[in-house]
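Notes for the one structure printed next.
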Amino acid sequence: MSQIITVHSYRGGTGKSSTAANLGLLLASSGLRVALVDTDIQTPALDVIFGDVALPARRSLTDYLIGRCEIEEAAYAVDQTVGHDGFFLVPARSQATGVNEIMGRGYDVGLLREGFDRLIDTLALDVLLLDTHAGFNNETVTAMASSDALVVVTRAERLDLAGAKETMALASRLGFGAMSIAVNMAPDGAVADRLRGDVETAYNTRITTVLPYAPEMASLAGERVFSTAYPHHPLVSGYRRIIAEVSNGTTAIRR
Amino acid sequence: MAQTRVLILDERRDVPAGLSKALDAVGAEAHTCTPGDVLAASPGRMPAVTTLLANATLSPHTVRSVARRLADEGQQPIVVAYAEHDLHLLDGHVRAGSDYLLPPFHPVLVEARLRDCHQHAELNRSMEEVAAHAELLSYERELEIGREIQLGFLPDSLPSPDDWNIRVRFRPARTVAGDFYDVFELVNRRRLALVVADVCDKGVGAALFMALIRSLLRHTAEQSGLQNLIAADLLGEDPGGAEHTRAIPVVGATPLLNAVVGTNSYLTRNHIEQGYFATMFFGVLDPVTGNLVYINGGHNPPVLVSGSGAEPVLLQPTGPAVGVMPDCTFSLGYAQISPGDTLFIYTDGVTEARSETGRFFGEDLLIQQLTEAIVRGEELLDHMDGALSAFVGQAEQSDDITMLAVHWQGPAGAAG
């Protein structure tokens, strides 16, 4: 059965998009057919992260939403060494599409869900992975409402935890099958007991994984995806723990 | 001059000798009566006259009563007052609108004078007729302009997506109508809006509200972009109906809801005292899948007629008529149209069409006729037109009639 997984964080700068990119790559490397959709129309990131392998894109999620193309025309095969041809990226915006176009005109939110379903069908996906804009807007909430599983990326600090209550209220209303709390950018890969308690109280669940702060990430300067560059880094093990938590590991039943 | 028939009115039936002689000389047929004679005469007993010659000693009021009595009999003689000596007595009569005749009563002068009076009266009469006719023409012209402008509020042509056949019949009961229909593209041409509505009442008032409601619906639907309510709904404190908490609107539901709810609140906010409202069916169709999401606001249930022989499905109301209640709830209805099926949307002018004996056409007969048309493979609207004409016979059409048929052509060789 196909699965839709959303990666979300309450605030920006938590490493949400990097996490989504790495999860996508690792899921695809395990043999699953995966599409990664950047639903962050305001501040896209995935087109940059995969810029050297998939782009430039002429079509995007935005082009689909404002009626310029069908969603599958905005899906680009990512030329990575995942061992098969089933890894795709749908960028949030193409170079030709200004953010003003969609913000000025608006779009029918029903198109998001319809587009997700259509991607799963036409690309025969096992996993549809959705990267989101921080906080809550229409794309983010619709992505979450469309998903079976939620990955929350947070830092162990008061600013990030401030949004935990809202996130959890929404999550409980939406009723996810699986959920993972990833504490990112932890110095030395550890969280002090007191902070750990704060995080687990705020989210009312245990932490799935603590992802270490990796200076190597900064030195990559976004030029390669981390798990490709440092496949044996502890950070990559953390990503794998998230996958173990949220992925149902099954492949879609092909029609 | 044609024969002049004169009724001389005098309290003592006493005609001045000169006048009598002059009338005689010009060949006029003269009768002499008192006002009492005329007023007391039984219907049909008064001679037909072209001129009423009244002695100026009578009061203008009395003369007017006599003229009115004659008018009751269908006579419209010209009224001429005469005086033999006291010419000032004519003043009141002239002021009351009568013509006048002065002595001396020489035959040639009397004849010329009476002829003038006749011509004057005829001219007046034709002027009045022309004015009345002109007024009528001006009303009719205004109404005709109204009709033409109203046609501009209906679509010029209907969209025809691949494999779909959309047809309409629109017959107002009067020059202008309260019914309307609309078909237009939505969501970057991915969906088709189907609207059939019936504004209460008929004629000019209904037509004005038709123009308003049609424009509100279409403009709102077309301009309805991002719906922030979706996020707001899910993030709100009060989850409302628990079963809706995970609902992501289907494509088209947002413009649909915005259009109907927005129009309802506009009408109830600005026009509730005028008492106009509309029943309407507003559907949004996906021509690729046949999925239909709709709101039925107190309208006659459209009939989804199966092309494969299944029972017809009625798309029942999902909310009240639009423009009646502020802040009421409109729910979404969903239906699936399959290849070969036809969706028949209509107004109550169809089911409430009356036969010469006063019977209504009714929903049962409607469904029976629709099914029959499908079984026989006849064009649906032609068939319904025939069925309605046969039922109504010579009776007058009392209400606007609108029928919209949306047919998904089946695979080659299928019915339809």
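The values are calculated or read from the model by the stated rules, or taken from the named source; none is laboratory data. If you're wondering where the values come from, they're calculated on a predicted model, not measured in any experiment. As a convention, Cβ positions derive from the backbone with ideal geometry for all residues, glycine included, and neighbour counts pool all protein chains shown.
Search the stretch A:177-191 for residues being assigned to a loop (DSSP other than H, G, I, E, B) and either modelled with pLDDT of 90 or more or more than 14 Å from every other protein chain (Cβ to nearest Cβ) (or both), and hand back the single one that is nearest to A:Val236 (Cα to Cα). Spell out the reasoning first.
Filtering the stretch A:177-191 down to residues assigned to a loop (DSSP other than H, G, I, E, B) leaves A:177, A:190-191.
If we keep only those that are either modelled with pLDDT of 90 or more or more than 14 Å from every other protein chain (Cβ to nearest Cβ) (or both) too, we end up with A:190-191.
Working: A:Ala190: 15, A:Val191: 18 Å.
Ranking the qualifying residues of the stretch A:177-191, first place goes to A:Ala190.
If you scan the stretch B:335-376, which residues turn out to be in a strand (DSSP E or B) and free of Cβ contacts under 8 Å to residues at least 60 places away in the same chain? Please lay out each step first, then the result.
Applying the first criterion (in a strand (DSSP E or B)) to the stretch B:335-376 yields B:335-336, B:342-346, B:354, B:360.
Passing the criteria: B:Ala335, B:Gln336, B:Arg354, B:Phe360.
Which residues, taken from the stretch A:121-157, are in a helix (DSSP H, G or I) and more than 7 Å from chain B (Cβ to nearest Cβ)? Outline the logic, then answer.
We begin by selecting, within the stretch A:121-157, every residue in a helix (DSSP H, G or I); these are A:121-122, A:138-146.
Once the filter is applied, which keeps residues that are in a helix (DSSP H, G or I) and more than 7 Å from chain B (Cβ to nearest Cβ), the stretch A:121-157 yields A:Asp121, A:Thr122, A:Glu139, A:Thr140, A:Ala143, A:Met144.
Could you please find all residues in the stretch A:219-234 being touching a residue at least 40 places away in the same chain (Cβ under 8 Å), touching a Phe, Trp or Tyr at 6+ places or on another chain (Cβ under 9 Å) and outside any loop (DSSP other than H, G, I, E, B)?
Those that are touching a residue at least 40 places away in the same chain (Cβ under 8 Å), touching a Phe, Trp or Tyr at 6+ places or on another chain (Cβ under 9 Å) and outside any loop (DSSP other than H, G, I, E, B): A:Phe226, A:Ser227.
Which of the residues that make up the stretch B:296-313 are closer than 17 Å to B:Val284 by Cα and in a loop (DSSP other than H, G, I, E, B)?
Selection gives B:His299, B:Pro301, B:Pro302.
Considering A:Asp198, A:Asp193, which residue is over 23 Å from A:Thr132 (Cα atoms) and in contact (Cβ under 8 Å) with a residue 24 or more places away in the chain? Write out each step before concluding.
Values: A:Asp193 fails: in contact (Cβ under 8 Å) with a residue 24 or more places away in the chain.
Criteria check complete, one pass: A:Asp198.
Report whether or not A:Met103 is assigned to a helix (DSSP H, G or I) and either of a type in the set (Phe, Trp, Tyr) or within 12 Å of A:Ile41 (Cβ to Cβ) (or both). Please lay out each step first, then the result.
Details: assigned to a helix (DSSP H, G or I): yes; either of a type in the set (Phe, Trp, Tyr) or within 12 Å of A:Ile41 (Cβ to Cβ) (or both): yes.
Yes; evaluated as a whole, the condition is true for this residue.
Please specify each residue of the stretch A:195-209 satisfying the condition of being out of contact with any Gly (no Cβ under 6 Å at 6 or more places or on another chain), surrounded by 12 or more Cβ atoms within 10 Å (Cβ to Cβ) and not in a helix (DSSP H, G or I). Walk me through it before giving the result.
Here is the first cut: in the stretch A:195-209, the residues out of contact with any Gly (no Cβ under 6 Å at 6 or more places or on another chain) are A:195-208.
Filter once more, so that each one left must be surrounded by 12 or more Cβ atoms within 10 Å (Cβ to Cβ): A:195-196, A:198-200, A:202-205, A:207-208.
Hits for the stretch A:195-209 are A:Asn204, A:Thr205, A:Ile207, A:Thr208.
Right, B:Ala231: modelled with pLDDT of 85 or more, within 11 Å of chain A (Cβ to nearest Cβ), part of a helix (DSSP H, G or I) and under 19 Å from A:Leu112 (Cα atoms) or not?
Numbers: modelled with pLDDT of 85 or more: no; within 11 Å of chain A (Cβ to nearest Cβ): yes; part of a helix (DSSP H, G or I): yes; under 19 Å from A:Leu112 (Cα atoms): yes.
So B:Ala231 does not fit the description; no.
With the checklist (1) farther than 30 Å from A:Glu101 by Cβ; (2) within 14 Å of chain A (Cβ to nearest Cβ) in hand, flag the one item B:Arg147 doesn't pass.
Answer for B:Arg147: the failing condition is (2).
Give the stretch B:72-108 a look and list any residue that's in a helix (DSSP H, G or I) and more than 15 Å from B:Thr4 (Cα to Cα), or say none. If you could, list the steps in order and put the result at the bottom.
First, the residues of the stretch B:72-108 that are in a helix (DSSP H, G or I): B:72, B:87-95, B:107-108.
The answer is B:Asp72, B:Leu87, B:His88, B:Leu89, B:Leu90, B:Asp91, B:Gly92, B:His93, B:Val94, B:Arg95.
Across the stretch A:158-170, what is the total count of residues that are more than 10 Å from chain B (Cβ to nearest Cβ) and surrounded by fewer than 17 Cβ atoms within 10 Å (Cβ to Cβ)? Step through it out loud before you land on a result.
Going through the stretch A:158-170, the residues more than 10 Å from chain B (Cβ to nearest Cβ) turn out to be A:158-165, A:167-168.
With surrounded by fewer than 17 Cβ atoms within 10 Å (Cβ to Cβ) added as a condition, the list becomes A:158-159, A:162, A:165.
Within the stretch A:158-170, residues that are more than 10 Å from chain B (Cβ to nearest Cβ) and surrounded by fewer than 17 Cβ atoms within 10 Å (Cβ to Cβ) number 4.
Quick one: B:Gln316 ticks every box in (1) touching a residue at least 24 places away in the same chain (Cβ under 8 Å); (2) over 14 Å from B:Val251 (Cα atoms) bar one, so which box is it?
Failing condition for B:Gln316: (1).
Which residue out of A:Arg118, A:Arg173, A:Arg194 is away from chain B (no Cβ under 13 Å) and not aromatic (Phe, Trp, Tyr)? Please lay out each step first, then the result.
Details: A:Arg118 fails: away from chain B (no Cβ under 13 Å); A:Arg173 fails: away from chain B (no Cβ under 13 Å).
Just one listed residue meets the conditions, A:Arg194.
Being surrounded by fewer than 20 Cβ atoms within 10 Å (Cβ to Cβ) and touching a Phe, Trp or Tyr at 6+ places or on another chain (Cβ under 9 Å), is that true of even one residue in the stretch B:45-55?
no
Yes or no: the stretch B:134-141 includes at least one residue that is touching a residue at least 12 places away in the same chain (Cβ under 8 Å) and assigned to a helix (DSSP H, G or I). Before you say what the answer is, go through the steps one by one.
Within the stretch B:134-141, the subset touching a residue at least 12 places away in the same chain (Cβ under 8 Å) is none.
Looking through the stretch B:134-141, none of the residues is touching a residue at least 12 places away in the same chain (Cβ under 8 Å) and assigned to a helix (DSSP H, G or I).
Matching residues to (1) out of contact with any strand residue (DSSP E or B) (no Cβ under 8 Å at 6 or more places or on another chain); (2) facing chain A (nearest Cβ under 10 Å); (3) more than 29 Å from B:Gly349 (Cβ to Cβ); (4) modelled with pLDDT under 95:
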| position | (1), (2), (3), (4) |
| --- | --- |
| B:Leu235 | yes, yes, yes, yes |
| B:Pro249 | yes, yes, yes, yes |
| B:Ala253 | no, yes, yes, yes |
| B:Thr263 | no, no, no, no |
| B:Leu267 | no, no, no, no |
| B:Leu285 | no, no, no, no |
| B:Gly297 | no, no, no, no |
| B:Gly319 | no, no, no, no |
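Tell me whether the stretch A:92-100 contains one or more residues that are modelled with pLDDT of 90 or more and more than 10 Å from every other protein chain (Cβ to nearest Cβ).
Initial filter on the stretch A:92-100 (modelled with pLDDT of 90 or more): A:92-93.
Next, only the ones that are more than 10 Å from every other protein chain (Cβ to nearest Cβ) stay: A:92-93.
The answer is yes, given that some residue of the stretch A:92-100 is modelled with pLDDT of 90 or more and more than 10 Å from every other protein chain (Cβ to nearest Cβ).
Here is a list: A:Asp38, A:Asp63, A:Asp108. Which entry is in contact with a helix residue (DSSP H, G or I) (Cβ under 9 Å, 6 or more places away or on another chain), in contact (Cβ under 8 Å) with a residue 60 or more places away in the chain and of a type outside the set (Gly, Ala, Ser)?
Working: A:Asp63 fails: in contact (Cβ under 8 Å) with a residue 60 or more places away in the chain; A:Asp108 fails: in contact (Cβ under 8 Å) with a residue 60 or more places away in the chain.
Answer to the check: A:Asp38.
Suppose we filter A:Leu235, A:Leu174 for residues that are crowded, with 17+ Cβ neighbours inside 10 Å and at pLDDT below 90; which single one remains?
Working: A:Leu235 fails: at pLDDT below 90.
After ruling out the rest, the residue left standing is A:Leu174.
State all residues of the stretch B:180-199 that are in contact with a helix residue (DSSP H, G or I) (Cβ under 8 Å, 6 or more places away or on another chain), in a strand (DSSP E or B) and within 14 Å of chain A (Cβ to nearest Cβ); if no residue qualifies, say none.
Of everything in the stretch B:180-199, those that are in contact with a helix residue (DSSP H, G or I) (Cβ under 8 Å, 6 or more places away or on another chain), in a strand (DSSP E or B) and within 14 Å of chain A (Cβ to nearest Cβ) turn out to be B:Leu186, B:Ala193.
As an exercise: evaluate A:Ala92 against (1) crowded, with 21+ Cβ neighbours inside 10 Å; (2) more than 30 Å from A:Asp160 (Cα to Cα); (3) not polar (S, T, N, Q) and give the number of the one condition it does not meet.
A:Ala92 satisfies all of (1) crowded, with 21+ Cβ neighbours inside 10 Å; (2) more than 30 Å from A:Asp160 (Cα to Cα); (3) not polar (S, T, N, Q) except (2).
One residue is enough: does the stretch B:201-208 have a residue meeting the conditions surrounded by 21 or more Cβ atoms within 10 Å (Cβ to Cβ) and either modelled with pLDDT of 70 or more or not aromatic (Phe, Trp, Tyr) (or both)? Talk me through it step by step, then tell me what you get.
Residues of the stretch B:201-208 surrounded by 21 or more Cβ atoms within 10 Å (Cβ to Cβ): B:206-207.
Narrowing further to those that are either modelled with pLDDT of 70 or more or not aromatic (Phe, Trp, Tyr) (or both): B:206-207.
Yes.
For residues that are more than 23 Å from the chain's Cα centre (by Cα) and at pLDDT below 95, tally how many sit in the stretch B:343-361.
First, the residues of the stretch B:343-361 that are more than 23 Å from the chain's Cα centre (by Cα): B:343-344, B:357.
If we keep only those that are at pLDDT below 95 too, we end up with B:357.
Within the stretch B:343-361, residues that are more than 23 Å from the chain's Cα centre (by Cα) and at pLDDT below 95 number 1.
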